[in-house]
Amino acid sequence: MSASVQIVQLYPVELGITGDRGNVRALQTRLERGGVSVEVHQVGIGEPIPADADIIVLGNGPLSAMRIVADDLRGRAAELEEFVQSGRSLFAVGATAELLSEGVDTLDGDTLAGLGIFPFRVARTRDRNVGYIIADAPFGRIIGFEDHASRWTLGEGAQVVGTVVAGKGSFSRGGVAGETVQRGASYATNVQGPALPLNPRWSDAILAAVTARRGIDWAVGEAHSRLDEYAQGARDAIEHLVHSKDFSTIGL
Amino acid sequence: MMAGAPQARSAGIRYVFPVFAGKLARFATRLRGGGSAFPGYLTNRLAPTLLPTLADQFTYGVVFVLGSNGKTTTTHMISEVLRAHGLKVFTNPTGANLPQGVTSALLADATLTGRIRADVAVLEIDEGYAADLADRLSPSVILSLNVQVDQLYRFYETERVADMMLEASKRASAHVVVNRDDPYLSKIDADAMRGEVSFFGVSSELVAASAHGLANAADTRSGNAGILDHEAYAEVTRVDGRDVVVRVDGADAAITLPARGLHYAADAAAALTVASRVLGSAFSAQKAASGFAQMAPAYGRGEVIPLRRDPAGEQVEFVMFKNAPSLQMNLDALDAAPERALIAIDEGTPDVSWLYDVDFDGLKRIDVVTGEKAFQLALSLEHAGVEIGVVEPDMEKAVALMRELPPTASGRQTWFVNYELMMIGRRLLGHGDQEVARR
Ligand SMILES: [Zn+2]
């Protein structure tokens, strides 16, 4: 096993169109500024995921791209299940979060079988949820951008991460709008922005779990102050916009 | 043609009232400040046949310019090349590319009896309305420049944008012009088109030598992410700064671009293809080159403005971008990292996730990061390892900060801006008075 943290971005070409590389960058930069070396691997269809991967980042994209990667991803079901169970971290946004669910019911009546890594089911909807999303989570407030036409129906055991404060969110439980589902150190979410650069405490929750598992010393410190300062400025600007009454920036 | 679409009639007295009402509404909304969709809406309601009737009068037909990026520049290029061949060109103002904006522009030039005096119309059209407008304006030529990951919050999926362009293209009566180097557009089904299909492109050597190619969207639908190779009717064969050579139907046209960048070279090849198809045997590579020479740098595309109102003093070069591909192509076209730079995005671009898809390797330092999205921009630059001077969301204060910095050795600052902040930046430098319209 190598001394550096191994980050994999899976299907960067097909499912990586909403700045998903930013989630990789955030994890990599925070580790490196804390003195931990990182190797990033881009893995495409048919290519093996390195056996010592610590984090797998999966991104977003259109339904056609989901169909193109679906078989390849299903072929990795056992490997990914073991990955999540072993306490390593998988971070999936949008289309890939949907593929890792129990299944996706599309608008044309088709069903895309999922891998069942996360306990929810997805229904594509005619209405689209577009705008800023704010949700309260155990590690702090999630702030980002949502842009999806889907509702998730959670299974019994689903662990909800965020309670929606502003925006639509991906699902509701007990009449309360929620966003993001967690399993161990793994997450399925619809938060873009991308999520991790904008939410340093979320990144840190993942990195704390990953480095602890590996016995690597890593902590947030002075070296992260600029990242955190800019993230805070961006978060404040979004919160300010959301709370100002005449918020209507998205001309559809 | 769509069943029930209003048909062209002859110009005449029947149009006096609707045109008058529309012009009056246009005058009134302008007095209130700025454009409005209302005059176009009103006229279309009063006289649904006016739009087709106006369009029917252009002897060289109507040209549609579609694309994720470069519509304004290319519309300008086609217009100038056709003018250099002696044609009188009607064109819509920058950004007036929705149905009501196009109607309003036509209304401005129409006589009360519904006559319009120009040989050809060159119109930039929003992809989302292209098919609908094609049913009403019966274009002879439809050009599709590129399909890029852009405005996902509006279009949802990039492939839908390709389908919108290709669906509209079926309505072109004479020519369909598409980008050979665009993965989706290169897969056009020529048999489904009424018009003859022509491709434009950039030589494969030049694309390969460009750090990020042409930044068009990968095809994630067909299983072949890349392009299908086609013979190009017009191909960029040489680039040397702003000077490029485009081989058009076997003859070389040596032209000067309005600004540096391989995307502008591709736009030029597109414009030359369209002009050659519109003019037929009357097309001349020399006249085309003189048309390009006539092009003043458009707003935000290579335009230079004095920083401190002193024409002999330090200058600001505006570099405009709207999405990741256009920012990337502009960065790739830089000779060297700018000596002094500002970058700005406002809230008109709500989702800036795409910033993380841009390689900022060409930049070492940004002196001032500004606009409502300043902190999100700064956050992405910090992750990319670009040094940041100051983050100041207020554009007015940011401009003041840039003016206070010691003069550059090159006598030039570079400002990377989105459209809205470019207009505000120009105004703050004392250049906001000019009309936002093409000649
Ligand atoms: Zn002009």
Sorted by chain and then number, the residues having a modelled amide H within less than 5 Å of the amide H of A:Asn129, at least 5 places away or on another chain, are A:His148, A:Ala149, A:Ser150
So for the stretch A:5-243, averaging the separation of alpha carbon pairs under 8 Å that are six or more residues apart and normalising by length, what relative contact order in percent results?
20 percent
Classified through the alpha carbon gyration tensor (a ≥ b ≥ c as square roots of its eigenvalues; rounded if a/c is under 1.5, else prolate when a/b is larger than b/c, else oblate), the stretch A:5-243 comes out oblate
In Å and from the alpha-carbon atoms only, list the Rg and Dmax of the protein assembly as shown.
26.2, 86
Note, the stretch B:180-192: 3J(HN,Hα) by Karplus (6.51, -1.76, 1.60, θ = phi - 60°), whole Hz, Gly/Pro = x, goes 5, 9, 10, x, 6, 5, 5, 9, 4, 8, 4, 5, 7
Check: C-alpha center the stretch B:154-199 vs C-alpha center the stretch B:21-93, spacing in Å is 22 Å
Would you list B:Val147, A:Val5 from fewest to most Cβ contacts within 10 Å?
A:Val5, B:Val147
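Calculate the dipole size of the stretch B:58-132 relative to its Cα centre from +1 charges on Lys and Arg beta carbons and -1 charges on Asp and Glu beta carbons; express the result in debye to the nearest 20.
300 debye
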Which whole-number percent is the relative contact order of the stretch A:1-118 (Cα, under 8 Å, 6+ apart)?
28 percent
Within straight cross-link reach of B:Lys397, meaning Cα distance under 14 Å, which aspartates and glutamates are found once same-chain residues fewer than 8 apart are removed?
B:Asp367, B:Glu372
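Suppose every Lys and Arg Cβ carries +1 and every Asp and Glu Cβ carries -1, with no other charges. What dipole size does the stretch B:211-354 come out with about its Cα centre, to the nearest 20 debye?
300 debye
Evaluate the charge dipole of the stretch A:1-158 about its Cα centre and quote only its size in Debye, nearest 20, assuming +1 on the Cβ of each Lys and Arg and -1 on the Cβ of each Asp and Glu.
460 debye
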For the stretch B:39-117, averaging the sequence separation of alpha carbon pairs under 8 Å that lie six or more residues apart and dividing by its residue count, the contact order in percent is 42 percent
With 32 Å as the limit, write out which pairs from B:Lys187/B:Lys373; B:Lys88/B:Lys170; B:Lys71/B:Lys364; B:Lys187/B:Lys364; A:Lys168/B:Lys373 have Cα-Cα distances beyond it, or answer none.
B:Lys187/B:Lys373; B:Lys187/B:Lys364
State the answer as a single residue: which of A:Ala177, A:Thr211, A:His148 lies farthest towards the positive end of the charge dipole of the stretch A:139-214, with beta carbon charges of +1 for Lys and Arg and -1 for Asp and Glu, about the Cα centre.
A:Thr211
Need one word for the stretch B:297-439: rounded, prolate or oblate. Basis is the Cα gyration tensor (sqrt eigenvalues a ≥ b ≥ c); a/c below 1.5 gives rounded, then a/b vs b/c decides.
rounded
Residues of type aspartates and glutamates that B:Lys23 reaches as a straight line, Cα spacing below 17 Å, ignoring anything fewer than 8 places off in the same chain
B:Asp109
Under 5 Å between amide H atoms, partner at least 5 residues away or on a different chain: which partners does B:Val197 have, H built in plane at 1.01 Å?
B:Val176
Any chance you could check the Cα centroid distance between the stretch A:1-38 and the stretch A:177-220 for me, in angstrom?
12 Å
Under the definition of partner shielding as Cβ atoms of other protein chains within 10 Å of a residue Cβ, what is the mean value for peptide B:363-375?
2
Using amide H atoms built in the peptide plane, which far-off residues or other-chain residues are under 5 Å from A:Leu100 H to H?
A:Leu115
For the protein assembly as shown, with +1 on Lys and Arg beta carbons and -1 on Asp and Glu, the positive-most of B:Phe199, B:Leu428, B:Val368 along the dipole:
B:Leu428
What net charge is computed for the residues neighbouring B:Asn224, neighbours being all others with C-beta under 15 Å from the C-beta of B:Asn224, Lys and Arg scored +1, Asp and Glu -1?
-3
Helix-only CD estimate at 222 nm, as mean residue ellipticity for the protein assembly as shown, using -39500 (n - 2.57) per DSSP H run (n ≥ 4):
-10000 deg cm²/dmol
Where Lys and Arg each count +1 and Asp and Glu each count -1, what net charge lies around A:Ala135 among other residues with Cβ under 9 Å from its Cβ?
-1
Counting only other residues whose beta carbon sits under 9 Å from that of B:Leu107, what net charge do I get with K and R as +1, D and E as -1?
+1
Picking from B:Gly101, B:Val319, B:Asn216, whose Cα lies most toward the positive end of the charge dipole for chain B (charges on Cβ: Lys, Arg +1; Asp, Glu -1)?
B:Gly101
If a/c stays under 1.5 just call it rounded; otherwise compare a/b with b/c (prolate if a/b is bigger, oblate if not). Do that for the stretch B:217-313, with a ≥ b ≥ c from the square roots of the Cα gyration tensor eigenvalues.
oblate
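A short reminder: the numbers here are calculations on the coordinates, not readings from a lab. Note that the coordinates shown come from a computational prediction; the quantities given were computed from them, not determined experimentally. Positions of Cβ are backbone-derived with ideal geometry, glycine not excepted, and every protein chain shown enters the neighbour counts.
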